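The values are calculated or read from the model by the stated rules, or taken from the named source; none is laboratory data. Predicted model, so just to flag it, every value in this text is computed and none were measured. Glycine gets a Cβ as well: all are built from the backbone with ideal geometry, and neighbour counts include every protein chain shown.
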Amino acid sequence: MDSFKSFLVAKKAVPEKRIPYYVNWVRRFQDTIGKGPDDPFTDDEVRQFLKGMELHHEEWQVKQAKEALDLYRYYRRQFLQDRPAEDGDNLKAWQEMGRELVRLLRLKHRALSTEKTYLSWVRDFYRFVKGIPPQTLDGGHVVAYLSHLAVEKRVSASTQHQAFNALLFLYRHVLEKDIGNLQEMVRAKRVRRLPVVLSRQEVLRLLDQLEGMTRLMAELTYGCGLRVSECIRLRVKDIDFERGAVIVRAGKGDKDRMTVLPESLKPRLREHLDTVREIYERDRAAGADGVSLPDALERKYPHAGKEWPWQWVFPSRDLSADPRTKIIRRHHVHLNTLQKAVKTAAQKAGIEKRVTVHTLRHSFATHLLEQGYDIRTIQELLGHSHVQTTMIYTHVATRNKLGVRSPLDI
């Protein structure tokens, strides 16, 4: 047990003051099943031990004991057993598997960002398992890798979940294998963080430091509650001036939604689109290829990419090669354009908070809540699947503090 205790200390897997309790749970488990520190144990023995604990212990103690045994299992797997040596002969098999992963992601119309993210996780998984033959992969490798992320890399719960999604897609659609039971996986700590929110005055100070297209993009992001990817991918047809609405197509989770178009932005947005129209007409006169279309629309409507409604609201300055088809065409602006502009503007405005483009979306939701709009309406405008996600803004909205004043101010 001393080596397991040293492992917990070195990895900072749990708060130091709790380490004796974690070691004690493992000792009690070994005493219960009648095995020594070096003896193997089964998942069924762990389940029976925890089930027995439920009769005489609090729920939090059972949960802590399970976490202790998960960590102990990970410790034994990583440090008490030999790991397979890397075999360079399997590199081609992994490369072929990566190509098949990309093919299936595109067949299922996943975003380019998803494609890059999943490939990145699969490459890291390859390094972790030391390139063993793909056909020998099983659920145990996934458990070991995800536990490694939690214990060694100390990633967040959302990052661990992202890695899990990538490997789940790999196993289901490429390897055609069941990923198995993940109950013994060490889970990353889920910590709720309050979003950074700007006051209305801070938003105005930030916008005053922007100009031209980046200002209009920032104003739309704040005024409509958009994600940065949603803002840069807006098309002309998505702006409904008559109804005062913006249609977000294929947002997070591949969902469409409608949000509000600020009345104050309509004149400037019309002027901006007049400028975009001039760029569009120059491209048509030069015979440039049309903009890319989602999913299979490019095959169904081969000339739609050259039609005005499908053009980007915020087109890039120059033509460039499509990252997938390699066709030279005009794309939307890169998301770094707005991200860098907002970061610089926040510094110039003297805002002493960590400001990103997403901060404007947080501020949109919080300010609506402070104005008295109900949480369900805000949920729909933001495109959240669950109202619990939207509820986080109740913790930062000043109107929801029940009028409480600090005793120092009384």
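Just a few scattered comments:
- Residue satisfying all of: in the range 282-292; assigned to a helix (DSSP H, G or I) and touching a residue at least 12 places away in the same chain (Cβ under 8 Å); surrounded by the most Cβ atoms within 10 Å (Cβ to Cβ) among these: D283
- You will find that of R361, R329, R354, the residue that is modelled with pLDDT under 95, among the basic types (K, R), in the same structural domain as G251 (by TED's automatic domain parsing) and closer than 23 Å to R249 by Cα is R329 and no other.
- The single condition from (1) farther than 16 Å from Y74 by Cβ; (2) in contact (Cβ under 8 Å) with a residue 40 or more places away in the chain; (3) part of a loop (DSSP other than H, G, I, E, B) that Q183 fails is (1).
- Qualifying residue in the range 310-323 (condition: assigned to a loop (DSSP other than H, G, I, E, B), in contact (Cβ under 8 Å) with a residue 60 or more places away in the chain and in contact with a His (Cβ under 6 Å, 6 or more places away or on another chain)): yes
- Output for the range 149-165, where each listed residue is surrounded by fewer than 19 Cβ atoms within 10 Å (Cβ to Cβ) and either not in a loop (DSSP other than H, G, I, E, B) or not assigned by TED's automatic domain parsing to the domain that holds L105 (or both): E152, K153, A157, S158, T159, H161, Q162, F164, N165
- Residue in the range 191-205 that is surrounded by 14 or more Cβ atoms within 10 Å (Cβ to Cβ) and either among the basic types (K, R) or under 30 Å from G139 (Cα atoms) (or both) present: yes
- The lone criterion from (1) in contact with a Phe, Trp or Tyr (Cβ under 9 Å, 6 or more places away or on another chain); (2) over 30 Å from A341 (Cβ atoms) left unmet by G140 is number (1).
- Those residues of the range 117-133 which are crowded, with 18+ Cβ neighbours inside 10 Å and assigned to a helix (DSSP H, G or I), in sequence order: Y118, W121, V122, F125, Y126
- Test: residue in the range 351-358 that is out of contact with any Pro (no Cβ under 9 Å at 6 or more places or on another chain), surrounded by fewer than 15 Cβ atoms within 10 Å (Cβ to Cβ) and of a type in the set (K, R): yes
- Within the range 356-400, helices (runs of 4 or more DSSP H) holding 2 or more residues that are in contact with a Ser or Thr (Cβ under 7 Å, 6 or more places away or on another chain): 357-370, 375-382
- Sole exception among (1) in a helix (DSSP H, G or I); (2) in contact with a Lys or Arg (Cβ under 9 Å, 6 or more places away or on another chain); (3) under 30 Å from T394 (Cα atoms) for H173, by number: (3)
- Breaking point among (1) touching a Cys at 6+ places or on another chain (Cβ under 8 Å); (2) in a loop (DSSP other than H, G, I, E, B), for T221: (2)
- Residues of the range 226-253 that turn out to be free of Cβ contacts under 8 Å to residues at least 24 places away in the same chain and out of contact with any strand residue (DSSP E or B) (no Cβ under 7 Å at 6 or more places or on another chain), as a count: 2
- Taken over the range 307-349, residues that are among the acidic types (D, E) and either in contact with a strand residue (DSSP E or B) (Cβ under 8 Å, 6 or more places away or on another chain) or closer than 25 Å to L210 by Cα (or both) amount to 2.
- Residue check, V142 in contact with a Gly (Cβ under 7 Å, 6 or more places away or on another chain) and either surrounded by fewer than 16 Cβ atoms within 10 Å (Cβ to Cβ) or assigned to a helix (DSSP H, G or I) (or both): no
- Check on I279, touching a residue at least 12 places away in the same chain (Cβ under 8 Å), touching an Asp or Glu at 6+ places or on another chain (Cβ under 6 Å) and either not basic (K, R) or not in a strand (DSSP E or B) (or both): no
- Within the range 262-282, the presence of at least one residue that is within 30 Å of the chain's Cα centre (by Cα) and of a type outside the set (A, V, I, L, M) is confirmed.
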